[in-house]
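Below is one structure, written out as structure tokens; the observations come after it.
No value in this document is a laboratory result; all are computed from the given coordinates. The structure presented is a predicted model; accordingly, all values stated were derived computationally and were not measured. Positions of Cβ are backbone-derived with ideal geometry, glycine not excepted, and every protein chain shown enters the neighbour counts.
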Amino acid sequence: MNFLSKKSLVFLSLVLVVLYALLQWYKISNLCTFNGAYHVTCGNILFDIKTLSLYASFALTPLFLTLPTSTHIFEAWKKFALWAVPIVLILTFLISRMSDGGGVGVVGFHPGLILLPVLYGLYFLVSFAIIIVTAVRERRKRKPN
């Protein structure tokens, strides 16, 4: 996966942020209104794209910690991120689609209020641990005894 270099991932994260900003700025209801009629399917798809682009840009934030470091640290984080980011995004999508219960006139408690911070907390904890441990190991290798 040599095409996933630092530059390409930075570009991807910037594209995701711009995509989210555009979908936030131009209201989805305006984008999905054709001939005066709002199309629900278009709105649902764009809302999902907007949500996933926001969460994907969050998931790529540890990348910016690896930019000033050596490529060895980036490669160690990339090995983890190649399987962790898709899993985090899929779980985010599934958690956000969960029903919040409720009923007639009753607002339920959405489980995503607890699950998403825990999911992203674990992801960031493991990402930062990989970056820090790899940086410390590399520093020890370079340091003469």
Under a no-solvent Debye model with one identical scatterer per Cα of the chain, what's log10 I(q)/I(0) at q = 0.09 Å⁻¹? -0.40
Of the peptides 32-38, 59-65, 70-76, how do they stack up when ordered by the mean number of other Cβ atoms within 10 Å, highest first? 59-65, 70-76, 32-38
With a cut-off of 8 Å between alpha carbons and a minimum separation of six or more residues, what is the relative contact order of the chain in percent? 22 percent
Treating only the Cβ of Lys, Arg, Asp and Glu as charged (+1, +1, -1, -1), what charge dipole size does the chain show about its Cα centre? Round to the nearest 20 debye. 880 debye
For the chain, with +1 on Lys and Arg beta carbons and -1 on Asp and Glu, the positive-most of PHE47, HIS72, LEU12 along the dipole: HIS72
What does the charge count near LEU23 come to, summing +1 for each Lys or Arg and -1 for each Asp or Glu among other residues with Cβ under 11 Å from its Cβ? +1
Among the lysines in the range 6-142, how many pairs, 8 or more places apart or on different chains, have alpha carbons under 16 Å apart? 4
In deg cm²/dmol, rounded to the nearest 500, the helical mean residue ellipticity at 222 nm of the chain, built from -39500 (n - 2.57) for every DSSP H run of length 4 or more, is -24500 deg cm²/dmol
Sum of side-chain charges, LEU9 neighbourhood, beta-carbon under 15 Å (Lys, Arg +1; Asp, Glu -1): +3
